[in-house]
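These notes concern the structure reproduced below.
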Amino acid sequence: MRTSLKFYLGFIYLLFLITLAISWEYFDSNQLLIALGFTILMFIFNIDVVRDIQANIGYLIVLPFITPALIFLEPFYLIILVFISRLLVNHRQIWYKKLFNATNAAIAIFISSAIFNYFFPVFDTNTLFNPIFFISEILLAFLYVLINNVFVFIAITLDKGKVDINAFIGLMSSTKSAFLTVFLGLFNTVAFYFTNFFGVAIITFLAYFVKPALQYRQVVDNELAVYTSFILHIIRQMDPITHSHSERVKFWTVLMAKRMGLPQNEIRQLSQAASWHDIGKIEVPYSILNKADKLTPEEYEIIKTHPEKGYNLVKDLHFFNKFQPVIRYHHERFDGTGYPSRVSGKEIPVHARIMAITDAFDAMTSDRSYRSAMSMSSAVAELRRNAGTQFDPDFVDFFIDALKAEYGEDFAGFNQKIIENVS
């Protein structure tokens with residue numbers, strides 16, 4: 001464990017003890033029973049935690065219980081609820097991760113609770129049905145999620161010694177998922193006010209039918225990540241050159257997709273699609289793939305079969321439906337003279353048009369057995385020259401803008417050695 005991470009964990013643990021000391025007022029058996037009830041419900045609902053294997057974070061559904069507890073529990077008992085429930089839910093984690101997740105969540109809920117008690121010192125029926133109250137409750141629940149995720153992101157960054165984009169995307173995804181579950185928390189707030197735990201238990205039971213839908217996307221993402229890792233291992237063993245090319249194409253694709261403002265989850269999936277885009281080459285003879293001289297017309301025709309071969313390999317993978325066109329159409333040309341289907345213009349799927357640019361750009365800026373790599377300026381000039389014929393002209397502009405933002409107007413910041421080892 002890095003020294004910086006040790007200091008950070010120590011700071012979080014100390015901050016947790018301070019919040020306990022600040023929030024303690026007196027012993028209340030009724031408050032303790034309410035905290036125990038919400039703890040049991042939260043544990044039952046999160047027995048099967050779905051994990052994001054790339055970001056290495058778990059997806060918990062806690063807002064249906066945190067939201068009403070935020071209203072009906074004093075800060076000290078709310079902290080105890082969150083701390084104990086997180087320990088129980090994360091019981092399989094190593095002790096310091098389990099303790100960190102429990103303490104940072106407790107600190108986050110203390111902050112939200114303090115704000116709530118400041119603005120709503122008295123709570124009654126009139127308060128419950130005030131629209132301002134519901135809006136405030138949603139905002140405070142999201143504040144809890146946001147603070148918690150910031151603490152986690154800092155820990156992951158310190159642990160790895162760098163900013164982990166997968167962790168950032170995973171935490172953003174969990175924040176968006178909270179938007180769905182916070183409304184269940186509002187129902188539970190009303191139910192608890194009028195029926196105590198009876199109504200909350202019924203709503204929680206009904207929510208079990210909603211939970212699989214909330215977790216489905218993460219399960220699909222995990223499947224895709226596992227298969228991508230497996231395929232990259234195969235490609236690395238069979239053809240290291242194609243593997244390194246795919247990794248660089250992924251780098252350029254993510255750079256371009258960010259510039260285009262694509263959603264974070266789509267960027268991550270598109271980056272995985274980049275790893276797969278040349279999968280069809282595993283069915284092309286190695287002697288042709290790595291020929292030192294230029295290919296004969298017959299050999300080039302064999303190479304041109306790899307998009308269709310790749311598509312046939314993945315067409316039955318249900319979680320990859322959206323990005324199968326990347327594999328099949330990344331060698332189509334904007335003017336309709338590409339292969340294998342000779343589609344043109346906007347008929348070519350968006351992600352394939354992106355990949356056509358990043359794939360060609362990496363081919364130009366990488367050393368090949370029969371020629372040396374172009375400079376970035378020369379490759380950019382070639383992209384411009386082929387905009388509207390080989391490539392979507394609008395997408396070429398996006399990519400060049402992304403390169404300038406990353407490396408400067410004259411691309412002086414580009415380091416070929418770094419890109420060669422981007423994997």
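The values are calculated or read from the model by the stated rules, or taken from the named source; none is laboratory data. Note that the coordinates shown come from a computational prediction; the quantities given were computed from them, not determined experimentally. Every residue, glycine as well, gets a Cβ built from its backbone with ideal geometry; the counts of neighbours run over all protein chains shown.
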> Among the residues of the range 289-314, which ones are out of contact with any Lys or Arg (no Cβ under 9 Å at 6 or more places or on another chain), charged (D, E, K, R) and either under 17 Å from Ser275 (Cα atoms) or surrounded by 14 or more Cβ atoms within 10 Å (Cβ to Cβ) (or both)?
Replying inline: Lys291, Lys304
> Quick check: is even one residue across the range 332-343 in contact (Cβ under 8 Å) with a residue 12 or more places away in the chain, outside the structural domain of Lys176 (by TED's automatic domain parsing) and within 16 Å of Thr242 (Cβ to Cβ)?
Replying inline: no
>> For the condition touching a residue at least 40 places away in the same chain (Cβ under 8 Å) and surrounded by fewer than 23 Cβ atoms within 10 Å (Cβ to Cβ), what is the one hit in Phe72, Phe119, Phe129, Phe110?
In response: Phe72
>> Just to be sure I understand, how many residues within the range 278-324 are of a type in the set (A, V, I, L, M) and not in a loop (DSSP other than H, G, I, E, B)?
In response: 8
>> Going residue by residue through the range 285-302, is there one that turns out to be within 35 Å of the chain's Cα centre (by Cα), charged (D, E, K, R) and modelled with pLDDT of 85 or more?
In response: no
> Is the range 284-294 home to any residue that is in contact (Cβ under 8 Å) with a residue 12 or more places away in the chain, among the β-branched types (Val, Ile, Thr) and over 26 Å from Pro393 (Cβ atoms)?
Replying inline: yes
